Every structure is written in structure tokens, then in C-alpha cells.
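Asker: Take a look at the following structure, please.
The values are calculated or read from the model by the stated rules, or taken from the named source; none is laboratory data. The structure presented is a predicted model; accordingly, all values stated were derived computationally and were not measured. Glycine gets a Cβ as well: all are built from the backbone with ideal geometry, and neighbour counts include every protein chain shown.
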Amino acid sequence: MTARPTIYQVARRSGVSTATVSRVMHDGDGFSDTTRVRVLAAAADLGWVPSGPARGLASRRAGIVGLLFPDLGTSGGAEEESPLFVDQVIRGAERAATAAGDAVLIAATRGASGRTLAYSVAGKVDGLVVMAQSLTERDIQAISRSVPIVVLANRSARGKLDSIGADNRGGMKEVVRHLVQVHAYRDLVFVGGPARSPDSVERFAGFREALLDAGLPDRKAPDAEGGFTESGGASATRALLTDRPVPQAVVCGNDEMAIGALSVLRAAKLRVPGDVAVTGFDDIALARHLRPALTTVHQPMRDLGERAVRMLLDRVNQPAAPLSKAVLPTQLIVRRSCGCRRPLPNRVREAA
């Protein structure tokens, strides 16, 4: 990390005393709203965060790691990330932190208020695990000048910071290869997640590559977008049934969208898999209990959280160590919804 910015630099840039900077950052009083905005903007531009209570003691840590993820509340009708995915990541993060004797401070970010929250959290922890779309790249880089950061499922930051993710592209290629090679499907449609989601982008890239490998026409964009939610998957499937003939297979970017697709197909009196196959991604617990049980890709959601925290703690203890990057393997899980009458041996896709 480069030299850490100081409270004195923030005070000079915002034209106030260091005491005022401290009061602003600790939600005090005795200053105007204009001053507050000016101080927070200066702190953000410099990448300065206030030190936690224990950080003033050279030989001690705060004993807390932070986890930032996008707010799961709806905005424009679509959630940024699957709440079930985030829940499993949090569980893994808590497991790793507990094993190390640390606590986890969890925060959901959204818009300007989320940005302010992120800087506040950064001042209370030894380091941060930041999930994709929680913060802008600029803010991630700025905060990383003060505290260690591990980015999770964010490919754009992987060259600069410690990072971890799953083999989304390879896992989706395995699904499509199975549909094409085992079932001889040729008419496949893809229901994607949010357009800005790195996971959705990677899964669609795997879908495209598998089509090209099979000699099938390329696809420039997903056939529909379902926002990684059950309701979004349902809406996307209704639109597909309206706009085109029934496809042979609906390939969904996650399991929750696949659940929504199944409900719409059932309401339209279409049999799965007799009339149309459906697949998902993630392998949430509900996937195996659906009727038909869902063919999907298992990604190690809980392991992602656990490994991310362990990676962060390694960085806290060894600030000068080389960058650490990890891509965890995925596993094709074959069930009834693709047309297979009995489960096949599951295969693990190792990241290239």
C-alpha cells in the first residue's frame, strides 16, 4: 500500500480544523451540513478513514473484519444480487472470522448513503471483504490505501487487490455442453442477471463459448434479463413465450430465476422437461426439492466467504506479501429438469 492519507490532509483540503474533521467522521455536532458534505468529500477523495479505537495501539488489532455487499432492497424492480447467495457467503465469512477469534461487521451499501457507510465501516475494522457492486472502483482503490481489501466476484479489480471468485464461465459451459451433447438441444435461450453483475457477465460468456464450440449461432446479448430474482425470472420467461416459439431449453443465470421460469412454464401448461428443459446456477438448497429437481451448477458460496476472510486476515498479518488470487471450481449437478431420468456422476470444473 502507498503512504496512508492523514486527518491533517483532510482538514487542509476541506478548510476546517482536525477537530471538526473528527466530529464529522464520528457523527458529532457543532458544524453545518455544508461542512459535513465538504469533509466527507475530502475524505473520500483522499481515501482517508478514521482509525478504529484499537488501531492506535501499535501491537493490537481491532479484531473485526468488515463485509460489504450491495443492498438487497429492490431498485427499479430488480435486486443486485441473490439474497440466498449473499446469505451463504456471509455464513462462510462468519465461520472463518470466528475460527480466527474475530468478529464480522456486515454492511449493505446503496447509493451515496452506502458510500458514506462504507467509509465509516472501514474506520472500525482491520480490513474489508468487498462484494462486486458494493462500491465503485474509485472508492475501493481509495479505501485500500488505508485498510486491506479483498474483492469478491469482481474481475475488474483483480489485478490490483487480493481477490477471490468462482469459475462462473466454466460452470456455465458445462451446463450448455450437457444440454447440447447429451440431449441434442439446439434451440437454447439465456436468461441473465443484472447487466452490470460480473457473475452474470461471466456466465453469459460461458454460454456463448459453449454455443460456438458446438457450431451453433452466436448470441450477442442474453435473450432476457431476470435480475437474479424469482420474480424477474418469471417475467423474463413470460416475455420469451410471448416473443418467440417455445425453446428447447431455458438456461437461467441462477437458480432463483429458474424457479420463476418453472412457475411460468407450469402455468402455461408446458411440461418440464417434456416440452422444455430448464437449468439454473448456484445449487441453492431448494434446487433439489423442486419438481422436477433442478439441473444446476454448484458453486461453493459458503467457501467463497470463508476463503475471502482467510485471505484478508493473511493480508492484515503480512501487508507486504504478494497479491493473492483464487478462482474456486464449480460442479455440474445433473437432475431431472434437463431431461435426464436419473442423476449422472457430478463433475467438478476446475478454473483454467
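Asker: For the stretch 228-246: of the residues being charged (D, E, K, R) and within 16 Å of residue 266 (Cα to Cα), which is modelled with the lowest pLDDT?
Answerer: So, considering only residues that are charged (D, E, K, R) and within 16 Å of residue 266 (Cα to Cα), the one modelled with the lowest pLDDT is 230.
Asker: Next question, about the same structure. Give me the residue from the stretch 287-305 that is in contact (Cβ under 8 Å) with a residue 60 or more places away in the chain and part of a helix (DSSP H, G or I) and, out of that set, surrounded by the most Cβ atoms within 10 Å (Cβ to Cβ).
Answerer: Across the stretch 287-305, the extreme among qualifying residues is 305.
Asker: Out of 182, 129, 189, 176, report the one residue that is touching a residue at least 60 places away in the same chain (Cβ under 8 Å), in contact with a Pro (Cβ under 6 Å, 6 or more places away or on another chain) and either closer than 21 Å to residue 254 by Cβ or of a type in the set (A, V, I, L, M) (or both).
Answerer: 189
Asker: Can you confirm whether the stretch 252-261 contains a residue that is more than 25 Å from residue 87 (Cβ to Cβ) and modelled with pLDDT of 95 or more?
Answerer: no
Asker: With respect to residue 163, is the statement that it is within 30 Å of residue 102 (Cα to Cα) and touching a Phe, Trp or Tyr at 6+ places or on another chain (Cβ under 6 Å) true?
Answerer: Judged against the criteria, residue 163 is not a match.
Asker: Only one residue in 326, 321, 308 is assigned to a loop (DSSP other than H, G, I, E, B) and either at pLDDT below 95 or hydrophobic (A, V, I, L, M, F, W, C) (or both). Which one?
Answerer: 321
Asker: Among the residues of the stretch 87-141 satisfying the criterion of being of a type in the set (Asp, Glu) and not in a loop (DSSP other than H, G, I, E, B), which is farthest from residue 196 (Cα to Cα)?
Answerer: Once the filter is applied, the top-ranked residue is 94.
Asker: Residue check, residue 249 against (1) farther than 21 Å from residue 332 by Cβ; (2) touching a helix residue (DSSP H, G or I) at 6+ places or on another chain (Cβ under 8 Å); (3) not polar (S, T, N, Q), all met but one. Which one?
Answerer: Condition (1) is where residue 249 drops out.
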